[in-house]
1. Can you tell which of A:Ile332, A:Val266, A:Ala251 lies farthest toward the positive end of the dipole of region A:178-361, using +1 and -1 charges on the Cβ of basic and acidic side chains (Lys, Arg; Asp, Glu)?
2. Quote the charge dipole size of the protein assembly as shown about the Cα centre in Debye, to the nearest 20; the model charges only the Cβ of Lys and Arg (+1) and of Asp and Glu (-1).
3. Sum up the charges of everything whose Cβ sits under 10 Å from the Cβ of B:Ser28, counting Lys and Arg as +1 and Asp and Glu as -1, but leave B:Ser28 out.
4. In region B:167-319, what percentage of the DSSP-assigned beta bridges are antiparallel, given to the nearest 5?
5. Could you state the per residue volume, in Å³, of the convex hull enclosing the Cα atoms of region A:145-217?
6. Defining a contact as two alpha carbons under 8 Å apart and six or more residues distant in sequence, what relative contact order in percent does region A:178-361 show?
7. Where does region A:178-361 land on Rg(C-alpha)/(2.2 N^0.38 Å)?
8. Report, in deg cm²/dmol and to the nearest 500, the calculated mean residue ellipticity at 222 nm for chain B, where each DSSP H run with n ≥ 4 adds -39500 (n - 2.57) and the sum is divided by the residue count.
Amino acid sequence: MPGRTRQPAGGATSSEPRIRPTPTSPRGRYVATVKENIRLCTDHYRLVLSLPRFPRSTPGQFVEIDCRDPRFAPSADHDPGPRAFDWPPPESFKGDSPVALPRPCPSDPDFNAPLAYLRRPFSLADHRIWPDGYTELDIIHRVVGRGTLLLAQMLPGQTVSLIGPLGTGFTIPQGIELACLVGGGVGIPPMLYMAKGLQQSWIKGGVGFIGAQREDLLPVTIIGPPNAPEPSRAGDPLLNVAEFKEYGYPAVITTDDGSLGMRGYVTEALSAFLEERQVQQGRLMNTIVYCCGPTAMMKATARVAAVFGVPCQVSLEQPMACGMGTCQSCVIKFRPRDLGEGAEWKYKLTCTEGPVFDSRDLVW
Amino acid sequence: MPTREFHAPSLAVSIGKLDLQNPLMTASGTCGYANEYGDFTDLTRLGAFVTKAISKTPRKGNEAYRIVETRAGMLNAIGLANIGLDAFLKDKIPILKEMGVPVIVNVPGWTTDDYVDVSARLNDEPVVGGIELNVSCPNVKSGLSFGTDPVRLFELVSAVKKVTTRAELIVKLSPNVADVAVTAKAAVDAGATALSLVNTFTAMSIDINNARPMLANGTGGLSGPAIKPIALFMTHRVYTEVAKKHNIPIIGMGGIQRWQDGVEFLLAGATGLAVGTALFLDPNIPLQILEGLRNYLARKNKTDIRQIIGSLQAPAPHD
């Protein structure tokens, strides 16, 4: 039996079957207003969305954003009106609409431009709630296609449709005292939210491991070591990340090309850290690894954690159409670790049963 | 525009003996087993709820990746992953009862016995108002063969008809045929009480950098606005060639995303309107379509939605 776990920021759930939305639904459809849209580095943007209210969320949870171009969205009751055909409409269909000129272009938005058709999933980078319910969500994304390009071009005051909070977030097993937050590239944002989640839990120790290919692909604010007059930018593993420092957590930065922080992979830094801690303390019983990033990086991190006998929770990404547990497309192979290697795996849905899984339960 | 008194038009339709409060339904495979969308839309306001395909035994389905987005649509190759009939009856039927709308269960199969066994057990569940025979899944081995061969289809539907004594027997037609009216005729002759069309179109998407198909299954089924004009044509063809003269209702589907799409399908001859892929964008779309339909009917001075079903006035073909 796995130990009792607690949610870092307590999302409300109910076992009653819910057949219609209610004010207490733990997730739902919302319209958010863009408050800020900030370019963080070459490809990454931070979109700050404001909502009058939004359910509580857990670090690791995500939202699905409609990234179709709002310029082409017809109003709900848009009616192009009758066209002037060379044959008249039947008497029974005349109605009271004025006869309009033929329209050269259909009103359907999909004809006007190639659009991002399906919603795009984004993990939350932060979630701030005011006492009156007013909420701000931070989405940090990298521009990789039509949908994210549209988000990058959004202006303050524009609105987006979002669904969330979706999925199951990170959990903190009892007895944990130190958490390693390992984020790679576009997998860094949920780690920033998790840092906040840790700070609000009983865990007081945390350390970030932030990796990217190059310096300009790091969507975080780099500051120097405390009391240093200038940010240190060359080969210094003590570089701090403002988003972690806010909660008192140090961070190690790695880049593949050495353009900032340590040269190499984030897993090497994690491995060195765990080894040193093991030597110092003799054991790593109270340590856990939380990880999000490219699949190869998460696999490597899980291997490092396994070598040191440390539990590791990973936040997976799979192509998904709905994010709500209906389309069955985002499957991963799951085999509970206590059943052993010979047991048969089964598929689990990344969107509702994940995206966070214990790496020891995954067949990958 | 002159003002006039507003009379809310009647939106009620019937699929055989099933009375629906409105024509809007979910399309199988896009809405889960029961209340997965309960946090996002009021499921009790649907005309009917159509479940994911329920097979005799649980199925894992295909390897990932199972979907890929395409222009104005998507390809899927889920492979009929589902929890199986026993778990469905035990865990999902109670929730469906609570929803209180007519329930149609989609039934896939690999042999005639598969279809007959599952249909017979569902026929015993009072909450199941209709059985939709899935003879047209393009993503499993031999999934298409019943749906594309009119002789085999006739035999299958005849066999299932014997056990569906209470529930409506709906046959979901495949668009992957030369003439959909031929398979529609075979289904109706064998005793189908309603037809639903269309299922997805077999299609492909290729990753040019790795020279591999995007989907692990190789091919998938195309859905979304991209297929709407073809689905509309097929609905109209089946209506004029088969359904109208046999008085068989059609559940139209294929790219329905806005109320205008729904009106098009109604005019072409559909009685029911199933929303599929668009649910992934917004599970509330059926209720938005409902609102648009109501306004359209009022503008056209219609008091009853049935006045416009199949009322398309096609011009005489040119020489």
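1. A:Ile332
2. On the way: 68 positive and 65 negative charges, 133 e Å.
The dipole magnitude comes to about 640 debye.
3. +1
4. Antiparallel: roughly 35 percent of the beta bridges in region B:167-319.
5. 146
6. It comes to 18 percent, rounded to a whole number.
7. 1.07
8. -8000 deg cm²/dmol
The values are calculated or read from the model by the stated rules, or taken from the named source; none is laboratory data. Just so it is clear, the structure is predicted and the values come from calculations on it, not from any experiment. Neighbour counts run over all protein chains shown; Cβ positions are idealised from the backbone, glycine included. Surface accessibility is based on the protein's heavy atoms, side chains included, excluding ligands, DNA and RNA. Shrake-Rupley method; radii C 1.70, N 1.55, O 1.52, S 1.80 Å.
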